[in-house]
Amino acid sequence: MNKLLLLLLMLLTGISSFSQSSYSVDKIPASLKINANSVIRDMETTVEMKGIDQVLISVKKVVTVWNKNGDARAELALHYDKSTSIQRIKGQMLNAFGVLTYKFSQSDFSDESAVSNGSLYVDYRLKYYVPRVFSYPYTIVYEYELRNKQNLILPDWYPNPHPDQSVESNKYVFITKPEDEIRIKENNYPGKAEVLRTEKTKSYTWQLSNQSAMKKEPFAPDPDDYKTSIKIAAKQFSYYGYKGSYQNWEALGKWVYDDLIKNRQQLPESTIQEVKAMVSGINDDREKAKKIYEYVQKKTRYISVQIGIGGFQPMPAAEVQQLAYGDCKALVNYTQTLLKSVGIPSLYCVVNAGSARKDIDLDFASMDQGNHIILAVPLKTDTVWLECTSSESPFGFLGDFTEDRTVFACTPDGGKILRTPKLTTEMNLQRRKASLNIDTLGNITGSLKTIYSGAQYDHDNNLIDLPVSDQLKRLKSSYDIDHISFSDFKISQDKSDTPSTSAAFSFDIQKYAARNQQLFYLELNLFNKSSVVPEVKNRTLKVYINRGYTDEDELTYLLPKDFKLEALPKNKHINSAFGSYSATILLEGRTLIYKRKMILKDGTYPAEQYQDFSTFINDINAADHSRVIYKL
C-alpha cells in the first residue's frame, strides 16, 4: 500500500513538474504581458486535405488568462453540421504554476442550436465551453479534432486575432497531396511558408512567435489591413455533393450561377402572367423594375433559412412565391426571376455587408468572403441596386449596410467584380431646425424637426410603426438630456430618387439654463454635441474614417423679457484635412439664432496625423459646449 502511494505521488509530482516547466506563468516573457489580458502560449493547427471530401483539422491551443477581461479568450465554440463533425475534444485547467486543477471532455460542453433571431431554421449547431475560474492567472489547454466532408471552405489562420492578446507561439500546418492545386494568400506574414515535400504529401508551415498585444487605437482601419492571416483555396472542390473547379472570380461565379442558382428560377405560369399584367403599359424598364420591387416588398418578408447547402443556395423562386418569405438569397433570386419574366436582366451579387465598409478581395477568389446578397439591375443609363430583404427601403437605395464596396456578381458568363454606389459626405446629411422659448426659470419649451438623408436616412427607422408610447420612450434614450419630455412625435419618409426621413416633435426641458444666483448659463448646442477623441501616444495604425457626413443645426431661442446679456461666445471656424466646423451666433433683441455646421470627411490618413485629428474633434467638442450668460 505504501509502495502504491509512493508510486502515485511520484506520478503526480512528475505530471506537476512537467506542467509547471511548460506552462507556469513565470515562463512568459515580460514583453508579452504589456497591454495583454491573455496570452496564446502554444497553438498548433494542422489541416490535412486527404481528398476533396475529407479534410481533417487538428488543434492544440494553450491560453493563459491574466484577469477577468481575458476570460472570453479562454472559451471555446465549435460549430458543426452535416458537413462538419467533431471527432474529439479534451482539455485541462492549470493554475498559475502550471499545475493541473481539473480536466474536462466533450461531455462537459454545452450543445445548442446556432439558430439566430429571425431564423426559421438553421442546420448548424455548436458545442460551447466556458471554463470554471477559481483564481487568476490561469491556463487552459484545449485539444480537438474536426472532420470536414468538404474543401470548398478551408480554415483561415489568424495567429493573433485579438488586440488584447499576445502570442508566444502559434503555428499553422497545411498538408495536401503533391498533385493538388491550391492558392495561398499570405497577408502581412513576415517571411515565407516552410514547404516540405515527400512522395505522398506536401506541407506548408507558417509560424508566429513572441508578438506583443496591441493597445487599442480608435479610428483604426480594417484589421485585415494590418493583421497577419493565411487563406487557402483548393482548385478542385466538393461541397454537400456539389463538385467544381475554380481559380478566379470568373470561374467561381459561373459555378455558383450554373449549379446553385439557374435551376431555381422557375415560376408558375400564373405568376408570370400576373407580373406581365402588372407592368403592362409601362415602357420604361426602370419603372417596370420599380413596380416589381414594390410587389416583392408587399408580398414577402425576410426570414433566415439555411439548411444543407442553404448557406449558399437560394430557395426556389416558386417556393418563395408560394410561402411569401425567404432569406436574402431567396428574395434576390425571386426578384431576379420576376424581372427576367418581363425581359429585364439583373445580377445576383455577393457582398460583405455591414456598417463598416469591406471589399471583396479582388486578388483572391473564395466562397466565404460575403455575408449577404443584393441585386443589381443594369439599365441603359445607370445601374439600379436593390436591397430585397427590406419591406421599407426606397427603390434603388442602398444604405450604409452595403454602399461603396466591391461585390461579386454571379452570371451565366462568369463572376464579375462590381462596386456599389457611394453615399458621399455631402449626401449623408442631417439637417435640424428648432424653435425654442426660455422662461424666467430657465425652462425650455419648443419644437424640433430633423431631416435625414444618405447614410443617415435610417436614423429613426426603429421608431416607425411603434406605438406612440414606445416612440416617446425611445426618444428619451436618443436625446440624452436631463429632465426632457416629448410630445407630438411624427415621422415620415420620402422614398423618391433622393430619399429622406423627416422626424418632428415638441418637447420641454425643466431648468435647462443653469442658474447661479442671478446669472443663467445657456449651452447653445442642445442636441448635437461632438464626442471627444482620446489622445494616443506612439500611434502605429493609420487613421481610418469609415464614413463622412454633414450635420447642419439651426436653433432659434427666444430669451426671457428684460434679460441682460453678460457674455456671448465668439463665432467659431475650424478647418482641417479631416473636415470643417463653424458655429455662429446672432442676437437680435430677444431672438438668438445659433447655427452649427460640421463636415467630417471619410478617408485613410497617416498615423502621424492622428494628433491633428484628435485636436480637430476635441476643439469641436469644446466649441459645442459654448454658453451664453445672461441675467434677469
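Read the figures in this text as sums done on the coordinates, not as results from a lab. Here the structure is a predicted model, which means the values were calculated and not measured. Please note: Cβ atoms are built from the backbone with ideal geometry, for glycine as well, and neighbour counts cover all protein chains shown.
Worth a mention:
- When both bridge partners sit in the chain, DSSP labels roughly 85% of those beta bridges antiparallel.
- Equivalent ellipsoid dimensions for the range 250-419 as semi-axes, Å, which come from the Cα gyration tensor, largest first: 24, 18, 16
- Each label point was placed 7 Å from the Cα along the Cα-to-Cβ direction; for Asn516 and Lys564 their separation is 1.8 nm.
- The slack in the chain from Tyr302 to Val532, taken as 0.36 nm per residue of separation less the alpha-carbon distance, amounts to 79.0 nm.
- Computed about its Cα centre, the charge dipole of the range 29-239 is approximately 340 debye, with only Lys, Arg, Asp and Glu carrying charge at their Cβ.
- FRET efficiency for the Val468 to Lys227 pair, using the beta carbon distance and R₀ = 60 Å, is estimated at 0.80.
- Distance violations [Cα-Cα > 30 Å] among Lys68/Lys185; Lys231/Lys601; Lys149/Lys200; Lys192/Lys422; Lys215/Lys329: Lys68/Lys185; Lys231/Lys601; Lys192/Lys422; Lys215/Lys329
- The share of Cα pairs per 10 Å bin across the range 513-632, counted from zero up to the longest distance, runs 12, 39, 26, 15, 7, 1 percent.
- Full extension of the chain between Ser135 and Ser506 yields a length gain of 128.2 nm, computed as 0.36 nm times the residue separation minus the alpha carbon distance.
- Mean sequence separation of contacting Cα pairs (under 8 Å, at least six apart), scaled by the length of the chain, corresponds to a relative contact order of 10 percent.
- Set of the range 535-549 residues, backbone N closer than 17 Å to the point 7 Å along the Cα-Cβ line of Gln611: 535-543
- The residues packed around Pro314, meaning those with a beta-carbon under 13 Å from its beta-carbon, carry a net charge of 0 if Lys and Arg are +1 and Asp and Glu are -1.
- 14 Å beta-carbon shell around Phe174, net charge (K/R +1, D/E -1): +2
- Between helix 328-341 and the chain: long-axis angle, C-alpha atoms, 0 to 90°, nearest 10: 70 degrees
- Read-out percent of Cα pairs over 41 Å apart, derived from the coordinates shown; its label in (1) 28; (2) 44; (3) 37: (2)
- Residue-span extension gain [Val195 to Arg88] - 0.36 nm each, minus C-alpha spacing: 35.7 nm
- Lys, Arg +1 and Asp, Glu -1 on Cβ, resulting dipole of the chain about Cα centre, debye, nearest 20: 800 debye
- In a simple Cβ point-charge model (Lys, Arg +1; Asp, Glu -1; nothing else charged), the range 439-551 has a dipole of about 460 debye relative to its Cα centre.
- Between the helical axis of 610-624 and the longest alpha-carbon principal axis of the chain there is an angle of about 40 degrees.
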